[in-house]
Amino acid sequence: MLGWAITFLVIALIAAVLGFGGIAGSAAMIAKVLFVVFLVLFIISLVMGRRGPTV
């Protein structure tokens, strides 16, 4: 998930440098959404992984 966010961030940066504002904005928004989803899933996995042993 983090890899996809970084990929879209790079696409946004390249599109912005080349002057494609609409594509850059869309790619940046997708990168933001994917990063937030990554953070939420990461925090959930940390919380779920710290459970004590079940007997």
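Calculated accessible area for the chain comes out at 80 Å² per residue, all protein chains present (probe 1.4 Å; ligands, DNA, RNA ignored). For a distance above 14 Å, tell me the whole-number percent of Cα pairs in the chain that qualify. Across the chain, Cα pairs with separations above 14 Å total 59 percent. Axis of helix 2-18 versus longest Cα principal axis of the chain: the two differ by about 10°, to the nearest ten degrees. Quote the FRET efficiency, to the nearest 0.05, computed for residue 10 versus residue 41 with a Förster distance R0 of 30 Å and r equal to the Cβ-Cβ distance. Calculated value: 0.90. Annotation for region 2-55: trypsin sites (Lys or Arg not before Pro) lying in DSSP loop with at most 11 further Cβ atoms inside 10 Å of their Cβ are 50, 51.
Taking the Cα atoms only, what angle lies between the long axis of helix 21-49 and the longest principal axis of the chain, rounded to 10 degrees? Between helix and principal axis, roughly 10 degrees. Sparse packing (at most 16 other Cβ atoms within 10 Å of the Cβ) combined with a DSSP loop state is found for the following chymotrypsin sites (Phe, Trp or Tyr not before Pro) in the chain: 20.
The values are calculated or read from the model by the stated rules, or taken from the named source; none is laboratory data. All values derive from a computational prediction rather than experimental measurement. Cβ sites come from the backbone with ideal geometry, for glycine too, and all protein chains shown count toward neighbours. Protein only, heavy atoms only, side chains kept; ligands, DNA and RNA dropped before computing areas. Shrake-Rupley method; radii C 1.70, N 1.55, O 1.52, S 1.80 Å.
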